[in-house]
Amino acid sequence: MKLKGRVAIITGASSGVGYATARLFAREGATVVAAARRRELLEHLIAEIAYEGHQGLSIPADVTDSGQVQHLVEQTIALLGRIDILINCAGGVMKISPVEQFSDAEWRAILDTNLTGVFYATRAVVPYMKRQHSGTIVNLGSRVGKMGIANISPFSAAKFALAGFSQSLAQELRPYNIFVTNVVAGMINADLAPLNPDESLRRRLLTTEDVAQALLWVCTLPPSLRVDELPIMPRHVDL
Ligand SMILES: NC(=O)c1ccc[n+]([C@@H]2O[C@H](COP(=O)([O-])OP(=O)(O)OC[C@H]3O[C@@H](n4cnc5c(N)ncnc54)[C@H](OP(=O)(O)O)[C@@H]3O)[C@@H](O)[C@H]2O)c1
């Protein structure tokens, strides 16, 4: 078991990549703290983890609410005493549209979920990781956070900013033995609404399990190796 004894907070754990990562990390011996807004999906996930004989608990939280994120982290410390890994997986495109059709509220919601939520969670865990003198923070970046594409400009802007935030943090936190990786993923066969690609394209995309394996790898690097950024793409599609 590659993560035995480690405590991992995973945001966005109710579906998609976060869900697959929670399952995999629990199988690898981590105690998983699963966070997202949909309580019943988190409870289902924790029941599955327990059924397989592994450890996990759910703490519902909206990452756009700094109070809820702080509570998630403080509850984790109160119950488990440490935080070794933070996977910032909560996020999504939310809307595909020309720029003039995004409202103020939509712009803010996309930036809050994909960028500000990562800031809230990182800010909350870092004091504990500094105290431990160890930690791994992994952010779910995107290929469109490296190369903008039409009609998802708020999401693209958020993921570009996330890449910068990750790079800055990687340098800032390295002296404390805390390592930050931005995983720059191509298209994943997860909940792709509102894009809704057809079934034949879906089959050629990254799977959520592929991405979970990449996240496991960056959380179990040899002590001499660091990975500030990890691009991962579907083998046969440039999306
Ligand atoms: N799908 C892709 O092609 C792709 C490509 C590159 C990067 N990514 C990134 O990968 C990450 C995971 O996405 P996915 O593809 O697995 O999509 P997904 O299945 O839609 O998962 C998104 C997760 O984020 C959670 N979430 C959304 N808003 C939240 C909020 N305000 N507070 C807490 N949790 C919130 C959702 O849970 P609740 O609704 O229960 O809150 C859900 O668990 C995202 O950051 C996404 O941008 C995806």
Per-residue HN-Hα couplings for region 36-41, Karplus 6.51 cos²θ - 1.76 cosθ + 1.60 at θ = phi - 60°, whole Hz, x for Gly and Pro? 4, 8, 7, 3, 5, 5
Counting sequence-distant residues (5 or more places) and residues on other chains, those with an amide H built under 5 Å from that of residue 135 are 179
Amide H within-cut-off set for residue 142, under 5 Å, with H built and near neighbours excluded: 185
Over region 7-232, relative contact order from alpha-carbon pairs under 8 Å, at least 6 apart, %: 20
If I histogram all Cα-Cα distances within region 7-232 using bins 10 Å wide from 0, what percent of pairs lands in each bin? 8, 35, 39, 16, 2, 0
Answer with one residue from 85, 46, 224: the one whose Cα lies farthest towards the positive end of the charge dipole of the chain, charges on Cβ with Lys, Arg +1 and Asp, Glu -1. 224
If amide H atoms are built 1.01 Å from N in the plane of the peptide, which residues on other chains or at least 5 residues away come under 5 Å of the amide H of residue 189? 206, 207, 208
Proximal lysine pairs in the chain, meaning Cα under 27 Å and 8 or more positions apart or interchain, come to 6
Compute the distribution of all C-alpha to C-alpha distances in region 78-168, in bins of 10 Å from 0, and list the percent of pairs in each, rounded to whole numbers. 17, 43, 25, 12, 3
Whole-Hz ³J(HN,Hα) for each residue in region 62-73, computed from phi via Karplus 6.51 cos²θ - 1.76 cosθ + 1.60 with θ = phi - 60°, x for glycine and proline: what do you get? 9, 5, 7, 10, 4, x, 5, 5, 4, 4, 4, 6
Karplus ³J(HN,Hα) for region 218-230 (6.51 cos²θ - 1.76 cosθ + 1.60, θ = phi - 60°; Hz, whole; x = Gly/Pro) runs 6, 8, 9, 6, x, x, 8, 10, 10, 10, 6, 8, 10
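Taken together, the values in this text are just the output of simple stated rules run on the coordinates, not laboratory data. Quick caveat, the model's predicted, so the values are computed rather than measured. Counting neighbours? That spans all protein chains shown, and the Cβs are built from the backbone with ideal geometry, glycine included.
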